[in-house]
Amino acid sequence: MNKGAFAHLGSSGKPLTDYKKIKSLIEHCKYLGMKIVLTQGSFDMIHVGHGRYLREAKKHGDLLIVGLDSDAKIKYRKGPERPVVPQEERVEMLMHLRYVDLVFVKELKDPKWSLIKAVRPDVLIATQTTYTKEKLKELKKYCGKVLVLEPMATTSTSAKIRRLQMSTAKKLGQALTPKLIKTIQDVLDELKN
């Protein structure tokens with residue numbers, strides 16, 4: 001796929017956000033005989049697993065569209081501390097990856113499966129934790145094929161964040177415990193006098 005052909009749609013790191021535009025573009029691409037692949041996610045703190053996942057997704061078609069969860073959508077699903085990387089930077093990082101042809105930002109207010117229904121991909125790529133078996137069956141109404149990929153790395157963004165938090169807590173505990181004990185002892189000594 002020549003990204004230059006789609007430069008006017010997502011130039012300067014700007015993703016698509018208009019469902020009418022993406023639908024029109026996809027209709028045109030399908031008319032040209034292109035096989036459309038769609039995957040979706042947060043892609044927060046992009047790591048090697050993301051790259052491998054997108055490389056594998058691209059193997060299943062001609063045009064790879066990444067539906068990227070907006071900051072608001074991630075905060076709602078994963079908590080107030082997420083995403084770690086702001087939306088604009090996540091968009092730009094995805095657009096730098098050679099496997100990704102288009103990025104579409106999915107907003108919190110968007111109805112369930114809006115992008116899937118608009119694109120009606122030939123192949124929807126998902127992870128094992130994305131959909132239940134029942135939802136996978138339901139999705140087949142909107143997709144030519146649903147392909148569930150195995151994890152592509154031993155790490156995940158959430159796991160990296162947990163490790164950082166645990167390491168920080170341990171270091172704080174080691175640094176503060178002796179000082180805290182001394183402060184408590186000083187206060188108790190002062191109360192005795």
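Checking the conditions here, which among 44, 110 is surrounded by fewer than 21 Cβ atoms within 10 Å (Cβ to Cβ) and assigned by TED's automatic domain parsing to the domain that holds residue 122? Working first, answer last.
Working: 44 fails: surrounded by fewer than 21 Cβ atoms within 10 Å (Cβ to Cβ).
Unique residue meeting the criteria: 110.
Among the candidates 13, 49, 33, which residue alone is at pLDDT below 95, assigned by TED's automatic domain parsing to the domain that holds residue 100 and at positive phi? Lay out the reasoning, then the answer.
Numbers: 49 fails: at positive phi; 33 fails: at pLDDT below 95.
The match here is 13.
Is it the case, given these coordinates, that residue 123 is out of contact with any Cys (no Cβ under 9 Å at 6 or more places or on another chain) and modelled with pLDDT of 85 or more?
Values: out of contact with any Cys (no Cβ under 9 Å at 6 or more places or on another chain): no; modelled with pLDDT of 85 or more: yes.
Here the answer is no, as residue 123 does not meet what is asked.
Taking the range 57-103 as the region of interest, how many residues are assigned to a loop (DSSP other than H, G, I, E, B), of a type in the set (Lys, Arg) and in contact with a Ser or Thr (Cβ under 8 Å, 6 or more places away or on another chain)? Walk me through how you get there before you give the answer.
First pass over the range 57-103, keeping only residues assigned to a loop (DSSP other than H, G, I, E, B): 59-62, 70, 79-86, 97-101.
Subsequent filtering for residues that are of a type in the set (Lys, Arg) retains 59, 82, 98.
Cutting the leftovers down to in contact with a Ser or Thr (Cβ under 8 Å, 6 or more places away or on another chain) gives us 82.
The qualifying residues number 1.
Given the criteria hydrophobic (A, V, I, L, M, F, W, C) and closer than 22 Å to residue 148 by Cβ, does residue 118 qualify?
On the way: hydrophobic (A, V, I, L, M, F, W, C): yes; closer than 22 Å to residue 148 by Cβ: yes.
Taking the combined requirement at face value, the residue satisfies it.
The values are calculated or read from the model by the stated rules, or taken from the named source; none is laboratory data. Because the structure is predicted, anything quoted here is derived from the model rather than measured. Heads up, the Cβs are rebuilt from the backbone with ideal geometry, glycines too, and the neighbour counts pull from every protein chain shown.
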